[in-house]
Amino acid sequence: MRRKSVIFNSLIGAAALLTSVLVGTSTSQAVADGPLAAYDAAHAGGTLTLVAQAAAGTLDPKVNYTGQYWQIFQATYDGLLSFSYGTGKTTFKVVPDLAEALPALSNGGKTLTFKLRKGIKFSDGKPVTVNDVKASFERIFKVSSPTAGSFYNGIVGATACLAKPATCKLDKGVVVDAAKNTVVINLVAADEAINSKLAVPHAVINPASAPSKDAGTTIIPTTGAYMIKSYNPNKSLILVRNPNFKEWSHDAQPQAYPDEIDYKFGVTPTAQVTAVENNQANWAYDPIPSDRLNEIGTKYAAQVHVNPLTAMWYLPFNVNLAPFNNLKARQAVSYAIDRAAMVKIFGGSQLAAPVCSFLPPNFPGHVDYCGYTKGATPAKPAKAWGAPDLALAKKLVKESGTAGQAVGIVVSDDDVNKQMGVYLQSVLNSIGYKATVKPISGNIQFTYIQNTKNKVQISVTQWYQDYPAASDFLDVLLGCASFTPNSDSSINMAGYCNKALDAKMAKAKALGVTDAVAANKMWGAIDQEVMADAPVAVAFTPKQLDFISSQTKNYIFSYQYKMFVSQLQVK
Amino acid sequence: MLTFIGRRLSAMVFVLISISIMVFLIFFATPGVDPAARIAGRGADQQTLMQVRHSFELDRPLPMRYISMMKHLFVSQDLTSYVNRGAKVIPQLSQAIPATFSLVIGAAIIWLFAGIFFGILAASSKKKWIDPTIGFLGIVGISLPVYWLGEVVNLITQSKLHNSVFKWVPPLGYVGLSVDPWQWFLHLLFPWLTLAVLYAGIYVRVLRNEIMVVMSEDYIKTERAKGASEKRILYKHATRMSLITIVSLFGLDFGALVGGYALLTEVVFGIQGVGKLTFDSLQNFDLPVIMATVMYASFFVVFMNALVDVVYAVLDPRVRRV
Amino acid sequence: MSLKDSSEAVFSESPGKIALRNLRKDKRSIIALSILGFIVGISFSAPLYAHFVAHTNPFQSTLDATISIHGEQKAVLEPSTTGLGLGVTPIGPTWNLGKYFLGADGQGRDVMARLLYGGRSTLLIGTTAGLLCIFLSLLIGIIAGYRRGWVDAVLSRLLDIIWAFPVYLLAISLSVVLLTSGLTIGFIHVGPGSFALPIFIIGIVYIPYVARPIRAQVLALREREFVRAAVGTGAKSSTIILREILPNIMPSVLVFIPIIVSLSMLTESALSFLSIGVQPPAASWGTIINEGLGLLYTRPIVGIAPGLMIVLTAAALNLYGDAVRDALDPKTRARGD
Amino acid sequence: MSTQKVILSIEGLGKNYEIGSAFSRGKDVVHAVENVNLEILEGETLGIVGESGCGKSTLGRMLVRLETPSAGQILFEGEDLANVPAKKLRSLRKQFQMIFQDPYASLNPRRQIGKIVEEPLRIHGMGKEERKAAAQDLLKRVGLDQNAYEKYPHEFSGGQRQRVVIARALALNPRLVVADEPVSALDVSIQAQVLNLFKDLQAEFNLTYIFIAHDLGVVRYVSDRIAVMYLGKVVELAPAEELYANPAHPYTRALLSANPRMDADDKRERIILKGDLPNPINRPTGCVFNPRCPKVQDICKVESPLLMQIGNRQVACHFPDNE
């Protein structure tokens, strides 16, 4: 998942299997994998105050696509399945939530059968029924959920719903039986990642009476520990305990500690830090401004939590436009960029690590390798990135015949991105291009660089995983299907389309349904093959830094949604 | 007089319509600004994109979109934001207005008092050093970039000296007067002072010069010849005449500030006023909010302009012919 | 009125010369001009400073540079080594002209060199925009005031629109267009990142401030008898405007110039502060303040120094403006002389 | 006199202003000048007198086309100045010039005297050296010092300035000069000098003057004929001496009696006018003078008297004096 403007989003995704070991850092508390500790009623109560620069838009869980609110939705809404509470890698596990158990598969993985828990009520007092479940799935299409066409298009009947959302009926795709309290979901084809897709907020269960368009700021009744009291995007989001909530699964939706959560908006990042330091707020949402890092790392070290993210910062080249329609030109830049320098701009080696594989560390399919470091080639990669190779880069530029060409670098206009742009300009100039930086508002940069009409040659962007399957990275970002010329929604910014690789990726996906380990091995090979072609240059993988006030206790990091908000203790 | 007011009103409406059309056209001429993809969400497929475009009327021709937006803004008053969907624009605006008024009125009181006091002092003081000193301070006042001054004030009160002298300074932001009058005052104190510095500088200079000009007029010389005391002349004639200038200047400045010119001060001090709302919506390319704030802002600017003109016309009928 | 007999006076001075003489005698103008001269001087010698004194390229990132201070090798961008080791802090002021006199910014570049280059941009943009504004205002003010009627009505409404138009919206939108693709209007092409953008925006924004008083003056001058006399001699409109009206509005125009240039500079810095003015890696005082904001807590000098330069320059311009005004119209000068 | 050539002939000349009124919706019309008929003879001086606001200045400005008439004709050598194309008008302008009341406002403070006097010559295309010589000559003729050429208006007194103004007016060698109260802003001691200058120059340049004043004394001194105006209308037109000796219109009589008497043997009683000059927007019906007229009769309130020839004078009154 991409971060929202200047803001880190949570890493969102489900871990089917995480084979690689998480990279430990000196600052991240080594936490053993395990279940959530038992509820300690002595610490219940109080008001938790969270601060952020801006609200994250609509409050409709089926439409909102930001980590900022997905973190909140975990404590408010429930799906049939959800990501587990717990510690360590447990937080990547999908567990049954409103369903009694994980689905029973039949029909070659194409049919999923759930049994709905009994006795759960919405915050408005009405019981959760199978009809609500069916309506909720139809609602995904009715409200034009951003993932309707990518996550849920495999449900039988989805194609018609996508074409005509207003009259969406999933009579064959989601079959419910009120008497037996069962829900059967029929897929067109088996899907390796279906459990994860059913566990994210876009698949939560809303009352059948929820509006059939984006609810925006109107409040939809919840099932979780909290319900929403009020929402004003320019001021605050207030959550209070859901009076109808009774814990049914300690893993899926545990009882919460604070009585109320006040999420305040319109506080600048530096004011957020000050507020947390002065115990006026419990937690700062936005990244800590670089000039405050040293201060909190020394004076407030005990309140800082750093954890790895499966995400990356990368530079998409436009492979259809000079000079980067030339392989050597792309490789030259990949060799030339000093990833350590970029890490420095980001905040130092404690907050990010250089990488050059497309799949980030800790990600299914990731292999430790680097083809673009001093003394290595894509064919003979090193284990890790060491240093840039400017001499080789200059040579490649000369060989490519693109030396002296003008290159525009399009970056967002926030501090860090702009600095990345300025740095890249220096690098591109030093290897023989005439580079200019074009910083544009972070709110449109992401769509701007996608549209081929805008003729962007190279840009800086970020990707934070959606669900932890290699297909999400490689297929979504570099598959032929993700490239639509002249559209603002063409996530394959490189415009890279390699038919042979596409076929391989399809094969790997199919293999994933039956043999995840073998599939991931295949993805690893695809990764190296793609990077030899260098449609993008990967720079580094960032880490998550949480800064909480001294009076805030019980910080638990979730690999899925970052910090568990409902488990923080203020008493 | 009625025809004059009528003419001013129709000119106002014309200006407002022109501005709204320009804002609209500039917005849609900006590349990459098409809200559909941002509304649809990251990586939305082309079908979803089309659905969103349709439901936000973005697939209709520009003039239709303009009329529809104006209708939602002024007639049904239910225009909603592109970014915070479902959030109605007009309540957002009306919630921001008290903060802006608090900021501007407070600052205005300070700068008017300071400006008038020092202006008269500079023009009347017998001591040789006072006039140049006040003149110098006035120049410094009008030369300070307000955003920079704000940041330096924040650096001092929020960080460097926050743990000693300025412990009592609350964090940045705004607290409503009705919520807690004392906190309202504390939160706004430094923004007031920062904003007032510039205008106090202007008013001191204008008032001093006006008084100087009036004092050199013939009728004042006559008064002097008649033996009126310097003080009496100053207060009765000079100050009264000069205040007419100050009042009209104040009208224009107040209109402009309430209409969003306090943007930088609001941004720097994190005050959720109209300026900040405008700035945020510009950053977000949130056209409905931009349109509402721009209409509101230009209304105030144009309205105060017209009001000052009308007041002038009442005082001096010749103006009406021009 | 002068009661001097004409036969006695040998030398004759034009009002302009008298004003100039007044101005030369005015201490304020001497102080202001020395400050301005100094600032312009050092700003335009920025390349010399960067090249010969600091030996640095202030537009090139040097994230891994090191310098030696007192024989000790130090990284320009120093990763934190205390506590959790979070963050990277640029080197602070060394007060050594050759080596990062005012320290480094987030990209490891010499702040002093950038400050001088920034002055160049700010002065250039401020002056050009100010003069452009004055020129356009003269054009609009004179045409509206002289032609009157519907021409005046149209131009006055145009001024109303500019006056009420949200500057920042115009700036942000135009900058997106210009930064990404450049803009071509007729034969004028504004390239991406060009200084023409801020100059153009600022030059337009302040037109109503200047054009309105000029229009009012022209309206009044038009009724003056010497203008009527010129009409009576059969002079063409252009002749009347150039020879009779223009010389009589020049004093107010001269008073406006320093004020508008100072305002333009402040606006340029505000636009750059909001990231919509001068674009990186180029510097103006506003962009340096903007960059300095990210270092306000660790290296406040990066943000404070350019602010002080702006205050100093604007104050000198305003001081000079005062002196010019008093020289042209001695009424407002302090009593007693 | 009838042998003299008519240089300018005015027929039915009128000027209206529209003004937006403060408290009414419609527009009001001010009749500044209404239906004036005059013939001006070559070489004569025609005085125009009246209270301020009677339209005499407007009339004067219309004669040299600094104002556009709303009605009527101004015939100058067969051209109707009221309807002449702009370009033609510019070239005709050198034939008639105007001198204004305020010598301070009449000179551009930012130009040298010489340049001011030269300007008309420059406009009409005279070479540089030639016009400098001409300007210096003119300055000499109006009685100014040689070095005046280099000076600026602020260095001169009112009387001197008015001489400059005259010099400028004469630069183009005009045939007709309209002087609008040319001496009323000057000290009494200077007035006589300037008036003498006017007289001298008239002979020298063969000029025709239209001399506008509110002061009957001044007009009498220079004029051959005098027109008396009241509320935009000419109420009496007569040879100067006859007018003074024998005013026919009650308004003329009132004006004369208000004027301080020079001749001690004048035995006419003083006539004090009742009330003020009426508002030009709400003009009285019938004879415009009727509300203030000492001899007012019923007909005066209904019917407006026409200007009628009586002897060698013209009077617009139902009951003219005929002593």
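If you go through segment A:319-347 and keep only what is closer than 24 Å to A:Phe483 by Cα and touching a strand residue (DSSP E or B) at 6+ places or on another chain (Cβ under 7 Å), you end up with A:Pro323, A:Phe324, A:Arg330, A:Val333, A:Ser334. Counting only residues that are part of a strand (DSSP E or B), open to solvent by less than 10 Å² (accessible area, probe 1.4 Å) and more than 20 Å from A:Ala534 (Cα to Cα), segment A:438-463 holds 2 of them. The residues on offer are B:Leu188, B:Leu198, B:Leu144, and the sole one that is at pLDDT 85 or above, touching a Leu at 6+ places or on another chain (Cβ under 8 Å), within 30 Å of C:Gly126 (Cβ to Cβ) and open to solvent by less than 40 Å² (accessible area, probe 1.4 Å) is B:Leu144.
Residues in segment B:27-54 that are more than 7 Å from chain A (Cβ to nearest Cβ) and open to solvent by 40 Å² or more (accessible area, probe 1.4 Å): B:Phe28, B:Ala29, B:Met50, B:Arg53, B:His54.
Among residues of segment A:277-290 being more than 20 Å from the chain's Cα centre (by Cα) and away from chain C (no Cβ under 12 Å), the one that is modelled with the lowest pLDDT is A:Asn278. Of A:Leu239, A:Leu293, A:Leu351, all but one fail to be crowded, with 21+ Cβ neighbours inside 10 Å, farther than 30 Å from A:Asn454 by Cα, in contact with a strand residue (DSSP E or B) (Cβ under 6 Å, 6 or more places away or on another chain) and at the interface with chain C (Cβ under 10 Å from one of its Cβ atoms); the exception is A:Leu351. Tell me, yes or no, whether segment C:111-119 has at least one residue that is among the β-branched types (Val, Ile, Thr), touching a strand residue (DSSP E or B) at 6+ places or on another chain (Cβ under 8 Å) and either touching a residue at least 60 places away in the same chain (Cβ under 8 Å) or surrounded by fewer than 24 Cβ atoms within 10 Å (Cβ to Cβ) (or both). Looking for residues that are among the β-branched types (Val, Ile, Thr), touching a strand residue (DSSP E or B) at 6+ places or on another chain (Cβ under 8 Å) and either touching a residue at least 60 places away in the same chain (Cβ under 8 Å) or surrounded by fewer than 24 Cβ atoms within 10 Å (Cβ to Cβ) (or both), one finds at least one in segment C:111-119, hence yes.
In segment D:94-125, which residues are open to solvent by 60 Å² or more (accessible area, probe 1.4 Å) and either more than 24 Å from the chain's Cα centre (by Cα) or among the aromatic types (Phe, Trp, Tyr) (or both)? Correct list: D:Tyr104, D:Arg110, D:Lys115, D:Arg122, D:Gly125. Figure legend. Inter-residue proximity from segment A:174-194: first residues farther than 14 Å from A:Ser106 by Cα, second residues open to solvent by less than 60 Å² (accessible area, probe 1.4 Å) and charged (D, E, K, R), beta-carbon distance below 6 Å, spacing 6+ or different chains. Indicated pairs: A:Val174/A:Lys134; A:Val176/A:Lys134.
Can you find, within segment A:511-523, the residue that is surrounded by the fewest Cβ atoms within 10 Å (Cβ to Cβ) among those that are in contact (Cβ under 8 Å) with a residue 60 or more places away in the chain and farther than 21 Å from A:Lys499 by Cβ? Result: A:Val517.
Out of all the residues in segment A:260-276, which are open to solvent by 30 Å² or more (accessible area, probe 1.4 Å) and over 26 Å from the mean Cα position of the chain (by Cα)? Result: A:Glu260, single match. Scanning segment C:76-98 for residues that are over 22 Å from A:Gly421 (Cα atoms) and either touching a helix residue (DSSP H, G or I) at 6+ places or on another chain (Cβ under 7 Å) or not in a loop (DSSP other than H, G, I, E, B) (or both) yields C:Ser80, C:Thr82, C:Gly83, C:Leu84, C:Gly85, C:Leu86, C:Pro93, C:Asn96, C:Leu97, C:Gly98. Within segment D:38-58, is even one residue within 14 Å of another protein chain (Cβ to nearest Cβ) and either surrounded by fewer than 16 Cβ atoms within 10 Å (Cβ to Cβ) or part of a loop (DSSP other than H, G, I, E, B) (or both)? Among the residues of segment D:38-58, not one is within 14 Å of another protein chain (Cβ to nearest Cβ) and either surrounded by fewer than 16 Cβ atoms within 10 Å (Cβ to Cβ) or part of a loop (DSSP other than H, G, I, E, B) (or both), which makes the answer no.
Against the test of being facing another protein chain (nearest Cβ under 10 Å), farther than 30 Å from D:Asp180 by Cβ, open to solvent by 40 Å² or more (accessible area, probe 1.4 Å) and modelled with pLDDT of 85 or more, the options C:Ile259, C:Ile301, C:Ile310 yield a single qualifying residue, C:Ile259.
Any residue at all in segment B:117-125 that's touching a residue at least 60 places away in the same chain (Cβ under 8 Å), under 30 Å from C:Asn318 (Cβ atoms), within 14 Å of chain A (Cβ to nearest Cβ) and open to solvent by 10 Å² or more (accessible area, probe 1.4 Å)? No, because not a single residue in segment B:117-125 is touching a residue at least 60 places away in the same chain (Cβ under 8 Å), under 30 Å from C:Asn318 (Cβ atoms), within 14 Å of chain A (Cβ to nearest Cβ) and open to solvent by 10 Å² or more (accessible area, probe 1.4 Å). When B:Gly275, B:Gly270, B:Gly259 are checked against the criterion of being at positive phi and in contact with a Ser or Thr (Cβ under 9 Å, 6 or more places away or on another chain), B:Gly270 stands alone in meeting it. Filter segment B:267-282 down to the residues that are in contact with a Leu (Cβ under 9 Å, 6 or more places away or on another chain), part of a helix (DSSP H, G or I) and closer than 21 Å to B:Asn84 by Cα and list them by number. Result: B:Val267, B:Val274, B:Gly275, B:Lys276, B:Leu277, B:Thr278, B:Phe279, B:Ser281, B:Leu282. All conditions but one from (1) surrounded by fewer than 20 Cβ atoms within 10 Å (Cβ to Cβ); (2) within 14 Å of chain A (Cβ to nearest Cβ); (3) in contact with a helix residue (DSSP H, G or I) (Cβ under 6 Å, 6 or more places away or on another chain) apply to B:Ser81; the one that does not is (1).
Checking each residue in segment C:269-290 for being away from chain A (no Cβ under 12 Å), farther than 16 Å from A:Ser441 by Cβ and of a type outside the set (Phe, Trp, Tyr) picks out C:Ser269, C:Ala270, C:Ser284, C:Gly286, C:Ile288, C:Ile289. The condition of being closer than 15 Å to A:Gln462 by Cβ and surrounded by 19 or more Cβ atoms within 10 Å (Cβ to Cβ) holds for A:Ser412. Checked against (1) under 13 Å from the mean Cα position of the chain (by Cα); (2) surrounded by fewer than 24 Cβ atoms within 10 Å (Cβ to Cβ); (3) aliphatic (A, V, I, L, M); (4) at pLDDT 85 or above, B:Ala256 passes all but a single condition, namely (4).
Scan segment A:297-312 for residues that are surrounded by fewer than 24 Cβ atoms within 10 Å (Cβ to Cβ) and at the interface with chain C (Cβ under 7 Å from one of its Cβ atoms) and the total you get is 3.
Okay, residues lined up against (1) within 14 Å of chain C (Cβ to nearest Cβ); (2) outside any helix (DSSP H, G or I):
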{"site": "B:Phe136", "(1), (2)": "yes, no"}
{"site": "B:Ile142", "(1), (2)": "yes, no"}
{"site": "B:Trp148", "(1), (2)": "yes, no"}
{"site": "B:Thr157", "(1), (2)": "yes, no"}
{"site": "B:Lys167", "(1), (2)": "no, yes"}
{"site": "B:Leu172", "(1), (2)": "yes, yes"}
{"site": "B:Val175", "(1), (2)": "no, yes"}
{"site": "B:Val179", "(1), (2)": "no, yes"}
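Taking segment C:51-83 as the range and being in contact with a strand residue (DSSP E or B) (Cβ under 6 Å, 6 or more places away or on another chain) and open to solvent by less than 40 Å² (accessible area, probe 1.4 Å) as the test, the residues that pass are C:Ala54, C:Thr56, C:Pro58, C:Leu63, C:Ile67, C:Ala75, C:Val76, C:Leu77. Here the condition is being of a type in the set (Phe, Trp, Tyr) and within 30 Å of B:Gly273 (Cα to Cα); of A:Tyr226, A:Tyr152, A:Tyr231, it holds for A:Tyr231 alone.
The values are calculated or read from the model by the stated rules, or taken from the named source; none is laboratory data. In this text the structure is predicted, and so the values were computed from the model without any measurement. Backbone-built Cβ (ideal geometry, glycine too); neighbour counts: all protein chains shown. For accessibility, only protein heavy atoms count, side chains too; no ligands or nucleic acids. Shrake-Rupley method; radii C 1.70, N 1.55, O 1.52, S 1.80 Å.
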